[in-house]
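Following: one structure in C-alpha cells, then a few remarks.
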Amino acid sequence: MLDFRHPNSLWATVAVETLVRLGLTTAVISPGSRSTPLTLALAAHPQVEAIPVLDERSASFFALGRAKATGMAVLLVCTSGTAGANYFPAVIEAWESQVPLLILTADRPPELRHCRSGQTIDQQKLFGTYVNGYAELGLPEATPAALSYLRQTLSHYWQQAHGPGAGPIHLNCPFRDPLTPPIVPALDPAMTALEATWKPTFFDHLSPLESSPRLLPRLPPDLAATERGVMIAGPAQPVDPIAYCQGIAALSKTLGWPILAEGLSPLRNYGHLNPGLVTTYDALLRQPELAIGLAPDQVLQIGPLPTSKVLRQWLTAVDPLRWVIGMGDRNGDPLHGRTRSLGEISLDGLASMISVERSQSPQPHQPPPYWQTWQHWEAIARQRLDHTLAKLDRPFAGKVPC
C-alpha cells in the first residue's frame, strides 16, 4: 500500500493510509499539478472513494453535502494558487453548520514563494477563523521521525474536525519537484533501507471514531489491559490542587500504575496522597539497563509532558501506546508516538469507568510487580539523593524545603 519509490509518494501514501485507519472513506479531488502525489495516493487506495470534480467551488459543496449526510469528514484536495480560495464559501458553511471537513491545499515549497512563481499565493491561514484548526505540514521526508510526525498531526486534526463542535480543518501541504517518481527510478539506498526496516504495526494504534471523541461513552478496550503501565503527570496549576491530587491517586490505585510526576506538578507537594509517586525518574532513566527494564507497555499522560529530556528520549525509544487527557483540543504529543487522546474526560470519570471494567474480574490486593519495581528504585534513588544533599554545607536551591 505504501509507495517507497520517492519521498513525495511515500509521504502521500502514509498520509492517506493514516486517514483511512481513522475512518476516511470519501475524497473529493480538484485535479491539479502540485497536488499530484495526494491525488495518486487517494486514487490507488481501495478503501477510498476518490471523486474528481474539476471546479473547486462545486467540489467543495459536494464534499459538504456528503459530510452532512454521513457525519464523517470528507477530504477535499486541490492544487496550489487560487484553487483553495474557491473552497471558501463551503468552508464558511461547514463552520457555521458544524460539519466536519478536512481540506488539504497543495503548495509550492517555501523557496518558491514570494518570488513571482506561477500558481502561488499566500495560503497561510487561507480561511481565517472559519476553521477548527490550521497547520502547514512539513516538506516530505522519508525518515521514520518525519513520517511519525505526519501520522500524529493528521490523527490530531482528524479528531479536532469531529468535535466537540465539528467543523473544517485546513492543512497546507508543500511539495517539491519532482512531484512523482521518475518512470525509471534510480536506486535510492536510503529509501531501500527504510522499506526494508518498515514496521507493519506503524498504523495499528489508529482506529475510527465511534462517536464524539470528547465524550468517551465507554472505555477503549486497550486502556488498562496491562499491569505494566505508568502515569505521567506534567506541569499543572489546578484551582483545587488537593482535589487534583486525590483524583490522580484514585486513578493510580484503580489502574495499579505508578505516577512519574513533573517538578512543577502539585503531586510532589501532596506526596502522602499518592503511594505510587515517583520523583526520581530522571536519575533512574539515565541508567541504560534500568531504563530498559522499566519500559512500560502503556502510558497515561495527564496534561503536557514533563520537561525532562531523559524522559522524552526514553518514551521515544520505547514508543508505548500513550493515552493523553487534559490537553483540550491541543496536540499533546511532541514526540509523535503511538498516541490517542481521551479528550475531556475527568480523572474521576476515567477512574470510575476503569473500576466498572475491572469489577468483572477479581483484582489482587497487592500492587502489581511493575509498580513495586518502580517503588523499589524510587526508594533507593531518593535515599542516595537525600544523603548526598545532607552533606552539602553551602547554600543550594535543591535543599530548600517545599
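Just so you know, all these numbers are worked out from the coordinates, no wet-lab data involved. Because the structure is a prediction, the values reported are computed rather than measured. Note that we place each Cβ from the backbone using ideal geometry, even for glycine, and neighbour counts take in every protein chain shown.
Rounded to 0.05, the FRET efficiency of the LEU385 and LEU54 pair, given R0 = 60 Å and the Cβ-Cβ distance, is 0.35.
With the convex hull of its Cα atoms as the shape, the stretch 32-123 has an orientation-averaged projected area of 6.1 nm².
Sorted by mean Cβ packing within 10 Å, highest first, what order do the peptides 294-303, 138-147, 379-388, 38-47 take?
294-303, 38-47, 138-147, 379-388
At 0.36 nm per residue, minus the direct Cα-Cα distance, what do VAL239 and ASP188 gain on full extension? Give it in nm, one decimal, please.
Stretched out fully, the VAL239 to ASP188 stretch lengthens by 12.8 nm.
Normalised by the number of residues in the chain, the mean separation of alpha-carbon contacts (under 8 Å, six or more apart) gives a relative contact order of 14 percent. Cβ-Cβ distance of SER346 and GLU141, R₀ of 35 Å, FRET efficiency by 1/(1 + (r/R0)^6): the value works out to about 0.35.
So what's Rg/Rh here for the chain, counting alpha carbon atoms and using the Kirkwood radius for Rh?
1.03
Calculated on C-alpha atoms, the gyration radius of the stretch 7-178 divided by its Kirkwood radius gives an Rg/Rh of 0.93.
By its C-alpha gyration tensor, with a ≥ b ≥ c as the square roots of the eigenvalues, how is the stretch 127-189 shaped: rounded for a/c under 1.5, else prolate for a/b larger than b/c, else oblate? Verdict is prolate for the stretch 127-189. For ILE232, the residues whose amide H sits under 5 Å from its own are LEU260, LEU300, GLN301, ILE302, ignoring neighbours fewer than 5 places away on the same chain, with H placed 1.01 Å from N. Remark: relative contact order (the stretch 229-387) = 26 percent; criterion is Cα-Cα distance under 8 angstrom and separation of 6 or more residues. Modelled spin labels at GLU111 and ARG176, positioned 7 Å past Cα toward Cβ, are 0.6 nm from each other.
Put a dot 7 Å past the Cα of ALA397, heading toward its Cβ, do the same for LYS68, and the two dots end up 5.8 nm apart.
Each of PHE62, PHE127, PHE175 was scored by other Cβ atoms within 10 Å of its Cβ. Arranged with the fewest first, they read PHE62, PHE127, PHE175. For the stretch 153-197 and the stretch 274-289, write down the distance between their C-alpha centroids in whole Å. One Cα centre to the other: 37 Å. Would you work out if the stretch 229-387 is rounded, prolate or oblate? Take a ≥ b ≥ c from the square roots of the eigenvalues of the alpha-carbon gyration tensor; rounded if a/c is under 1.5, else prolate when a/b is larger than b/c, oblate otherwise. Judged from the Cα gyration tensor, the stretch 229-387 comes out rounded (a/c under 1.5). Over the stretch 7-178, Cα pairs under 8 Å with separation of 6+ residues give a relative contact order of 26 percent. Given their separation in residues at 0.36 nm each and the Cα-Cα distance between them, ALA283 and ASP297 gain 3.0 nm when the chain is fully extended. Each stretch of four or more DSSP H residues adds -39500 (n - 2.57); spread over every residue of the chain, this sum gives -11500 deg cm²/dmol at 222 nm. Highest mean packing comes first when the peptides 284-290, 113-119, 164-170 are listed by Cβ atoms within 10 Å, giving 164-170, 284-290, 113-119. A Förster radius of 51 Å combined with the Cβ-Cβ distance from LEU290 to GLN124 puts the calculated FRET efficiency at roughly 0.65.
Between the stretch 23-92 and the stretch 221-250, what's the alpha-carbon centroid distance in Å? Using only Cα atoms, the two centres lie 41 Å from each other. Distance between the pseudo-spin-label points of THR373 and GLU96 (7 Å out from Cα toward the beta carbon): 5.8 nm.
What is the order of THR36, THR316, fewest Cβ neighbours within 10 Å to most? Please report the intermediate quantities before stating the final value.
Details: THR36 19, THR316 14.
Going from sparsest to densest Cβ surroundings: THR316, THR36.
Cβ-to-Cβ counts within 10 Å put HIS336, HIS376 in ascending order as HIS376, HIS336, the fewest first.
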